[in-house]
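A.B. asks: Let me begin by handing over the structure; questions about it come next.
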Amino acid sequence: MVQETRLTPDHLMYPLFLVKGKNIKEEISSLPGNYRMSLDNILREIEECIKMGLRNFVLFPAIPQMRKDKTATYSYSPKNFYLKAASKIKRKFPDCVLMSDVALDPYNIDGHDGIVRNGKVVNDETLEVLAKMSVAQAYAGFDILGPSDMMDGRIAAMRVALDGKGFTDTSIMSYTAKYASAFYGPFRDALDSAPVDGDDIPKDKKTYQMNPANKREALIEAEMDMQEGADFMMVKPALHYLDVIHTLKEQFELPIAAYHVSGECAMLTAACQNGWLEYEKAMPETLLSIHRAGADVILTYFAKDYTKMYREGRV
Ligand code: PBG
């Protein structure tokens, strides 16, 4: 009667990793229980989740090396298998919520979220590519676009491009406060998307992702996203940034999302596999704490397991 917070699968989004091909399902070694899957298996996975009551998904592509270039042209090519897959998913499951990833890193030979020139990530030229990618994704049928790149001004650039092409109903979930975090490792393994080692390539993403020491800066980012037309604001990672989630929730009226990232999930999974923590207790407590801090929406690799427990009346 007096429990203040209740977490249902409606609040969860499940990240899925798409690879080109057929009948592929490879486990991601640093993220046990998660797989790189070809479209046939992704469709099966989505169907299984929807039957259990989980219908929100985020799709990430692993792009073959031969498709990568300096300016991520494959990201908006009509031949792009990621875009074609999105159309098929939405045609088969019109009621699912499908979110994209808007960033250059899967498509960029330098492994950065923006175009690299003379050792720097160039913000403004990157916006043009992000705008093209957004229109291509909206055309493919994604319901929500997820700019994870952290270039300044991208929400406005995307909104203008989308509205210009008539995609006024496509939402934007801005990665508003995305920190330059050590906890993205397993994700980069999954997609082979880490910054590449090279003379003229920045070693990390610190020139565009945020400094973990800063919270007030998140408010500036949030204010800009709001002005530029974001529909959701996301904080990422989640557990190490619960204070940021809480502050944004108090100060803004937009829905707040939190990305419980790969490294955060991997830590818990590893402890459970060692017998040091009990998964069915530690996992729901973790997700509940992110919700209690203020996240309306949680992107988590545990979405399916939580939904299963929820359905069986065990949370
Ligand atoms: C890249 C992107 C990253 C994640 C989502 N989109 C990694 C990065 O910024 O290097 C991380 C997600 C996770 O760790 O689960 N645009």
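The values are calculated or read from the model by the stated rules, or taken from the named source; none is laboratory data. As the structure is a prediction and not an experimental result, all values here were calculated from the model. Ideal geometry is used to build each Cβ from the backbone, glycine not excepted, and the neighbour counts take in all protein chains shown. Note: accessible area is taken over every heavy atom of the protein model, side chains too, but ligands, DNA and RNA are not part of it. Shrake-Rupley method; radii C 1.70, N 1.55, O 1.52, S 1.80 Å.
A.B. asks: Can you tell me which lysines have their Cα less than 27 Å from the Cα of residue 120? Leave out same-chain residues fewer than eight positions away.
C.D. replies: 68, 70, 132, 178, 203, 205, 206, 215, 236
A.B. asks: Hey, can you find the accessible area per residue of the stretch 9-311 for me, probe 1.4 Å, expressed in square angstrom?
C.D. replies: Dividing the accessible area of the stretch 9-311 by its residue count gives 43 Å².
A.B. asks: Over what distance in Å are the Cα centres of the stretch 172-242 and the stretch 88-156 separated?
C.D. replies: Each part's Cα centre sits 14 Å from the other's.
A.B. asks: Mind telling me which of 118, 211, 80 comes out most flexible in a GNM of the chain, alpha-carbon contacts under 10 Å?
C.D. replies: Of 118, 211, 80, the Gaussian network model singles out 118 as fluctuating most.
A.B. asks: How large, in percent, is the carbon and sulfur part of the accessible surface of the chain at a probe radius of 1.4 Å?
C.D. replies: 51
A.B. asks: Would you look at the GNM of the chain, springs on alpha carbons closer than 10 Å, and say which of 300, 207, 269 moves the most?
C.D. replies: Comparing 300, 207, 269 in a Gaussian network model of the chain, the most mobile one is 207.
A.B. asks: With the cut-off at 1.5 for a/c, could you classify the stretch 178-315 from its C-alpha gyration tensor as rounded, prolate or oblate?
C.D. replies: It is oblate, given that a/c is not under 1.5 and a/b is not larger than b/c.
A.B. asks: While we're on this one: May I ask you to evaluate 6.51 cos²θ - 1.76 cosθ + 1.60, the Karplus curve with θ = phi - 60°, for each residue of the stretch 260-270 and list the ³J(HN,Hα) values in order in whole Hz, giving x for glycine and proline?
C.D. replies: Working through the residues one at a time gives 7, 7, 3, x, 5, 5, 4, 4, 5, 4, 5 Hz.
A.B. asks: Under the 0.36 nm per residue contour assumption, what length would be gained going from the current alpha-carbon distance of residue 206 and residue 168 to full extension? Spell out each step's value before the answer.
C.D. replies: Working: separation 38, 0.36 × 38 = 13.68 nm, distance 3.26 nm.
Between residue 206 and residue 168, full extension yields 10.4 nm more.
A.B. asks: For residue 199, project a label point 7 Å along Cα to C-beta. Then give me every residue of the stretch 110-130 with its amide nitrogen under 20 Å of that point.
C.D. replies: 110-112, 116-122
A.B. asks: Same structure again: Which peptide among 222-229, 271-278 comes first, and what is the full order, when sorted by highest mean count of other Cβ atoms within 10 Å? Walk me through the numbers before you get to the answer.
C.D. replies: Values: 222-229: 17.2, 271-278: 11.8.
Final packing ranking: 222-229, 271-278.
A.B. asks: To continue, here is another question. To make sure I understand the rule: partners must be lysines, Cα under 20 Å from the Cα of residue 281, and not fewer than 8 residues away in the same chain. Which ones qualify?
C.D. replies: Within the straight-line limit of under 20 Å, residue 281 reaches these lysines: 304, 308.
A.B. asks: Could you order the peptides 175-187, 254-266 from most to least packed, using the average number of other C-beta atoms within 10 Å per residue? Walk me through the numbers on the way to the answer.
C.D. replies: Details: 175-187: 21.8, 254-266: 23.8.
So the peptides 175-187, 254-266, ranked by packing, come out 254-266, 175-187.
A.B. asks: Classify the chain as rounded, prolate or oblate from the Cα gyration tensor: take a ≥ b ≥ c as the square roots of its eigenvalues, call it rounded if a/c is under 1.5, otherwise prolate when a/b beats b/c and oblate if not.
C.D. replies: Here the chain falls in the rounded category.
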